[in-house]
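Visitor: I am attaching a structure below and will ask some questions about it afterwards.
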Amino acid sequence: MLSIVKTISLIGLCGNIVEVQTDISNGLPSFEIVGMPDISVKESKERIKSAIRNSNIKLASKKILINLAPANTKKEGTSYDLPIAIGILMALGIIYKTQIMDTIFIGELALDGKVNKVIGILPMCIEAKKLGIKTIYVPKQNENEACIVEGLNIIPINTLKEVITYLNEGKSIVKKTKIVSKIEQLEENILDFADVKGQEDVKRALEIATAGGHNCLLIGNPRVRKNNVSKKNT
């Protein structure tokens, strides 16, 4: 049986919808992921199988093929764990709700079925909204960050089993009732990239490093004012 679940990938700060296409058929038991996955995505197979098993679900011995489409872009990170698991459970008929067209799933799975937080949830949500997504399932630990983006239905989840129950039975999930403070409500003396004049390449590099949780080092000759990138009115 074939199922399709959506998630999102980031290339820098640009988002792309990724279809997690799952096909389960009879044959020698196997679990393959194609579509240019990196090592962290390939390693998700063991996390997913353990998370499903520890959610009291028996994973049948079948041939499981996962395609991350479009297949011409590299897929990185652990945020694909949850959508892949949802795709497998839908293909097996364990999750039988299929009306999730404008919905994406983001999350890393622990071996016990817990949904762990991921890096880059804010730019993912911003890009998802631009791409017409209405509902996003995110790890509970990422809820505050995701709620900064207005106009999205954020569903915070703690475990894989909780997602299954919610999708099949419509069981309510507690959400934040208090709106997270908006960026424009912060103190006026906090520095902003809008105050930096020029330095477009440097600012872009810093934005990408921040979004991906990477390290960044500015180098250059003395007196080129590298330190002024973070100051007002340069």
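Visitor: Taking segment 101-138 on its own, how many of its residues are crowded, with 20+ Cβ neighbours inside 10 Å and of a type in the set (Gly, Ala, Ser)?
Guide: The total comes to 4.
Visitor: If Ala51 meets every condition in (1) open to solvent by 20 Å² or more (accessible area, probe 1.4 Å); (2) aliphatic (A, V, I, L, M); (3) touching a Gly at 6+ places or on another chain (Cβ under 6 Å) apart from one, which number is that one?
Guide: (1)
Visitor: Mind checking which residues of segment 180-234 are surrounded by 10 or more Cβ atoms within 10 Å (Cβ to Cβ), assigned to a loop (DSSP other than H, G, I, E, B) and at pLDDT below 65?
Guide: Within segment 180-234, Val180, Ser181, Leu186, Val224, Arg225, Lys231, Lys232, Thr234 qualify.
Visitor: For the subset of segment 14-44 comprising residues that are hydrophobic (A, V, I, L, M, F, W, C) and open to solvent by 40 Å² or more (accessible area, probe 1.4 Å), which member is farthest from Lys75 (Cα to Cα)?
Guide: For segment 14-44, the residue satisfying everything is Leu28.
Visitor: Please work out which one of (1) over 15 Å from Ile57 (Cα atoms); (2) in a loop (DSSP other than H, G, I, E, B) is the condition Pro83 fails and give its number.
Guide: That leaves (2) as the condition not met.
Visitor: Quick one: what pairs do we get from segment 72-94, first residue at pLDDT 95 or above and open to solvent by less than 10 Å² (accessible area, probe 1.4 Å), second basic (Lys, Arg) and not in a helix (DSSP H, G or I), C-beta under 9 Å, 6+ apart or different chains?
Guide: From segment 72-94, the pairs are Pro83/Lys6.
Visitor: State whether the residues of segment 139-159 include one that is farther than 25 Å from Ile11 by Cβ, open to solvent by less than 10 Å² (accessible area, probe 1.4 Å) and in a loop (DSSP other than H, G, I, E, B).
Guide: no
The values are calculated or read from the model by the stated rules, or taken from the named source; none is laboratory data. The shown structure was predicted, so the numbers you read here are calculated from the model rather than taken from an experiment. Glycine also receives a Cβ, built like all others from the backbone with ideal geometry; neighbour counts cover every protein chain displayed. These area figures cover heavy atoms from the full protein model, side chains too; ligands, DNA and RNA do not enter into them. Shrake-Rupley method; radii C 1.70, N 1.55, O 1.52, S 1.80 Å.
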